Amino acid sequence: MPLGGGNKCGRCHKTVYFAEEVLCDGRSFHRSCFLCMVCGKNLDSTTVAVHMDEVYCKGCYGKKYGPKGYGYGQGAGTLSTDKGESLGITHEEPAPHHPTSNPNPSKLAQKFGGSDKCSRCGKAVYAAEKVIGAGNSWHKVGCFTCATCNKSLESTTQADKDGEIYCKSCYGKHFGPKGFGYGQGAGALSHTQ
């Protein structure tokens, strides 16, 4: 983030502050600047289409860069000759495709440095094997176990204390109430000194 409070807008190149920021394709925009380059419609994540460094609504993008010819008209069996000149669209040869050199395509992984780390083993935890407990990520198999007895846990059978997870039984033994009536089984007495 450059000095001056925020990123620069992809359209007007002025500072964009957090409250008014819209992110698209790695660039920041003011909400009021996040408009189609051709027709000026307001855009959002469901209506935006990006080509090079320009943002379009899906309609204008389709007219400018979409398929042309028989079968791509407005209705069944029509041939559209409208190339969008009325909207100020000029036609040019498409730029050659340059594949990304980034081996990890996930924008989230790029921003936060990859996957979460397991609180028990410290290795990477991926979405298919991840369980959240005590506010941390854990491997479902092998790591999401009681810190005391190593019993496998579920989200409904775990209790946490200071970032560590326990089964309800061990949690009760270590951190639950002590004294008469709080024994291990029915009618059991516990002597604590």
Residue list for the stretch 22-41, restricted to those being part of a strand (DSSP E or B) and in contact with a helix residue (DSSP H, G or I) (Cβ under 8 Å, 6 or more places away or on another chain): 22, 30
Within the stretch 130-158, tally of residues that are closer than 19 Å to residue 116 by Cβ, of a type outside the set (D, E, K, R) and part of a strand (DSSP E or B): 9
Selection status of residue 178, open to solvent by 80 Å² or more (accessible area, probe 1.4 Å) and either within 30 Å of the chain's Cα centre (by Cα) or modelled with pLDDT of 65 or more (or both): yes
Can you give me the number of residues within the stretch 15-29 that are closer than 19 Å to residue 57 by Cα and aromatic (Phe, Trp, Tyr)? 1
Please work out which residue is surrounded by the fewest Cβ atoms within 10 Å (Cβ to Cβ), limiting yourself to the stretch 8-23 and to residues that are among the aliphatic types (A, V, I, L, M) and modelled with pLDDT of 85 or more. 23
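The values are calculated or read from the model by the stated rules, or taken from the named source; none is laboratory data. None of these values were measured; they are calculated from a predicted model. Note: ideal-geometry Cβ built from the backbone for every residue, glycine included; neighbour counts use all protein chains shown. The area values use the complete protein model at the heavy-atom level, side chains included, leaving out ligands, DNA and RNA. Shrake-Rupley method; radii C 1.70, N 1.55, O 1.52, S 1.80 Å.
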